Amino acid sequence: MKKKPLINVCLFPAAGYGTRFLPATKSMPKEMLPILTKPLIQYGVEEAMEAGMNTMAIVTGRGKRAIEDHFDVSYELEHQIKGTSKEKMLADIRHIIDKCVFSYTRQIEMKGLGHAILTGKALVGHQPFAVILADDLCVNENEGVLSQMVKLYEKYQCSIVAIEEIDPQQTDKYGIIAGAEIEPGIYRVSTMIEKPAPEDAPSNLAIIGRYILTPDIFDILQRTKPGKAGEIQITDALMEQAKSGNVIACKFNGKRYDCGSIDGYVQATVELYNEMKNN
Ligand code: UTP
């Protein structure tokens, strides 16, 4: 019998305004921006499926209905292209719709990533869950980032964050961690700070948009006061767990593109295009 995966649910906070892509994001969610022919959020869902998850919980906001429509059947369109060479272009999304369950809730006020995750509590319930920020596109030749993290969760049974080394001058764009390296590239986190100035940063190890969280995070988020920029920060809540040694950070294998920025978005488009052409 196939082993039941330890983590079933992946939460996608997708309620942000995406102001760096205005006016494109005025009436369209940032998560629907395509890299080649696929929207960012579809890459995220495929990564979660590869890690064994089939329940996708999406926190949306005003103007985000395109996400719901994307993960739904479009009978007219499918009927129209049936039997043509274009039919295969919908095969991947159809497979996702057949295999996964999608649920949605709305974040009414954009009070930060921590608040968006707390909003997802109603969809997640009391179980460990993964979080993907779809604007961080991660690509791997072999095992996806989330799969690597699920293995670590099986071993350590606590919250896991994905990290990468960044230019030390860029620390004020990320949550930065420090801790003891317990295996090559694996750290038990002792400190984490949201967007510190370079001179205040405890390291250059930055958290990227992949998390596995234990459900006690919801109670912690509930009592977390707004931090940097007046937003409820997931980093502050994770710091509570880190105080009792319950956060592991993992330098993942693979490449991340920050598709929430124009530079990262263009770089991802060019590199994935070149790869497609060379295959
Ligand atoms: P970002 O910091 O990239 O913010 O959010 P943003 O609003 O999406 O984009 P910019 O900076 O205005 O261009 C990181 C992730 O957290 C989600 C976003 O959708 C994104 O996936 N988020 C952020 C929420 O869901 N709700 C919030 O209140 C804030």
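Conditions (1) under 20 Å from Cys10 (Cβ atoms); (2) assigned to a helix (DSSP H, G or I), marked per residue:
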residue	(1), (2)
Glu199	no, yes
Tyr211	yes, no
Leu221	yes, yes
Lys225	no, no
Asp236	no, yes
Asn253	yes, no
Gly260	yes, no
Gly264	no, yes
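For region 43-82, enumerate the residues that are surrounded by 15 or more Cβ atoms within 10 Å (Cβ to Cβ), of a type in the set (Phe, Trp, Tyr) and either more than 23 Å from Gln107 (Cα to Cα) or touching a Leu at 6+ places or on another chain (Cβ under 9 Å) (or both).
Result: Tyr43, single match.
Please go through region 238-255 and give me each residue that is out of contact with any helix residue (DSSP H, G or I) (no Cβ under 8 Å at 6 or more places or on another chain) and surrounded by 16 or more Cβ atoms within 10 Å (Cβ to Cβ), ordered by number.
If the condition is that a residue be out of contact with any helix residue (DSSP H, G or I) (no Cβ under 8 Å at 6 or more places or on another chain) and surrounded by 16 or more Cβ atoms within 10 Å (Cβ to Cβ), then Met239, Ala242, Asn246, Ala249 are the ones that fit.
Tell me which helices (runs of 4 or more DSSP H) are completely within region 43-153 and hold 1 or more residues being within 16 Å of the ligand (Cβ to nearest atom), more than 17 Å from the chain's Cα centre (by Cα) and in contact (Cβ under 8 Å) with a residue 24 or more places away in the chain, or say none if there are none.
65-70
Select from region 221-237 the residues that are more than 20 Å from Ala178 (Cα to Cα) and more than 20 Å from the chain's Cα centre (by Cα) and list them in ascending order.
Filtering region 221-237 down to residues more than 20 Å from Ala178 (Cα to Cα) leaves 221-226, 229-232.
Those that are more than 20 Å from Ala178 (Cα to Cα) and more than 20 Å from the chain's Cα centre (by Cα): Gln222, Arg223, Thr224, Lys225, Pro226, Ala229, Gly230.
If we keep just the residues of region 180-197 that are in a loop (DSSP other than H, G, I, E, B) and more than 27 Å from Val139 (Cβ to Cβ), which is nearest to the chain's Cα centre (by Cα)?
Result: Pro196.
Considering each residue of region 6-19, count those that are modelled with pLDDT of 95 or more, farther than 13 Å from Lys64 by Cα and near the ligand (Cβ under 6 Å from one of its atoms), and give that number.
The total comes to 0.
Can you pull out every residue in region 253-265 that is of a type outside the set (Ser, Thr, Tyr) and under 19 Å from Gln170 (Cα atoms)?
Residues satisfying the conditions are Lys255, Arg256, Asp258, Cys259, Gly260, Ile262, Asp263, Gly264.
Among the residues of region 22-42 satisfying the criterion of being assigned to a helix (DSSP H, G or I) and within 11 Å of the ligand (Cβ to nearest atom), which is surrounded by the most Cβ atoms within 10 Å (Cβ to Cβ)? Walk me through how you get there before you give the answer.
Narrowing region 22-42 to residues assigned to a helix (DSSP H, G or I): 30-32, 40-42.
Right, trim to within 11 Å of the ligand (Cβ to nearest atom) and you get 30-31, 40-41.
Working: Lys30: 24, Glu31: 30, Leu40: 25, Ile41: 24.
Per the criteria, the residue is Glu31.
Within region 238-279, can you find the residues that are more than 16 Å from the chain's Cα centre (by Cα) and of a type in the set (Ser, Thr, Tyr)?
Ser244, Thr269, Tyr273
Name the one entry in Ile177, Ile232 that is in a loop (DSSP other than H, G, I, E, B), in contact (Cβ under 8 Å) with a residue 40 or more places away in the chain and either over 22 Å from Ile7 (Cβ atoms) or β-branched (Val, Ile, Thr) (or both).
Testing whether each residue is in a loop (DSSP other than H, G, I, E, B), in contact (Cβ under 8 Å) with a residue 40 or more places away in the chain and either over 22 Å from Ile7 (Cβ atoms) or β-branched (Val, Ile, Thr) (or both) leaves just Ile232.
What number goes with the only condition from (1) in contact (Cβ under 8 Å) with a residue 40 or more places away in the chain; (2) surrounded by 15 or more Cβ atoms within 10 Å (Cβ to Cβ) that Pro226 does not pass?
All conditions pass for Pro226, except number (2).
Among the residues in region 168-180, are any of a type in the set (Phe, Trp, Tyr) and away from the ligand (no atom under 15 Å from the Cβ)?
No, region 168-180 contains no residue that is of a type in the set (Phe, Trp, Tyr) and away from the ligand (no atom under 15 Å from the Cβ).
The values are calculated or read from the model by the stated rules, or taken from the named source; none is laboratory data. Quick caveat: nothing in here was measured; it's all calculated off a predicted structure. Ideal geometry is used to build each Cβ from the backbone, glycine not excepted, and the neighbour counts take in all protein chains shown.
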